[in-house]
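After the structure tokens below, expect a handful of questions from me.
What follows is calculated from the coordinates using simple rules that are stated; it is not laboratory data. Everything numeric here is computed off the predicted structure, so don't read it as measured data. Because the Cβ atoms are built from the backbone with ideal geometry, glycine has one as well, and the counts that use them run over all protein chains shown.
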Amino acid sequence: MDYLYYATRFARIKNEKGIEVRYSPRIAQRIFQDIIGEHDLNDWPIELQVGKARQLGMSRETSLMFGHRAIFWSGTNAVLASADPEKSSKLTEMMKYPIDRLPWWLAPTPTYERRGEYIIYADRIHRSPLRQETNSTALRGARRRNLCIYLRSVNLRSPRS
């Protein structure tokens, strides 16, 4: 299923007021979708750095894209992580919320979950294990065909002595 079709017709999210609504992308999210789409069409690796994207919905967009890939792309390993463990848990919930509200015939079956840390889905469509994680150490040894990584609030500067 096409990502945009999935996101705009099936994804339910909480808006700024905490009310559940159907996802409708903002302008910045549409631009991001176009860039990702161009990379996919040309079979380019998607290696983007989105800096200072506060309040533009990039965490939301990325979590929806990762959720879509986890459902429809076999062999997907997705990592959503933050320097702050509470924000990592929030990213997990951001991805999990729309998936938990999918129709029964579309939703993957979670086979294992450690709340706030990681979720493993056994996709009944492709019959392959799909994994979404919010622990940066989960990158070690991850050797899958589709690796998705989103890092938030990470300080890339060396610490001062």
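Of the listed peptides 23-31, 85-93, what is their order by residue-averaged count of other C-beta atoms within 10 Å, with the highest listed first? Walk me through the intermediate numbers first.
Details: 23-31: 14.4, 85-93: 17.6.
With the highest mean Cβ count within 10 Å placed first, the list reads 85-93, 23-31.
Just rank Val50, Val79, Val21, fewest to most, by other beta-carbon atoms within 10 angstrom. Kindly include the intermediate steps, with their values, before the conclusion.
On the way: Val50 15, Val79 23, Val21 11.
Fewest to most other Cβ atoms nearby, the residues stand as Val21, Val50, Val79.
Test of understanding: ordering Tyr6, Tyr112 by Cβ neighbours within 10 Å, fewest first, what list do you get? Please report the intermediate quantities before stating the final value.
Values: Tyr6 20, Tyr112 11.
Ranked by crowding around the Cβ, least crowded first: Tyr112, Tyr6.
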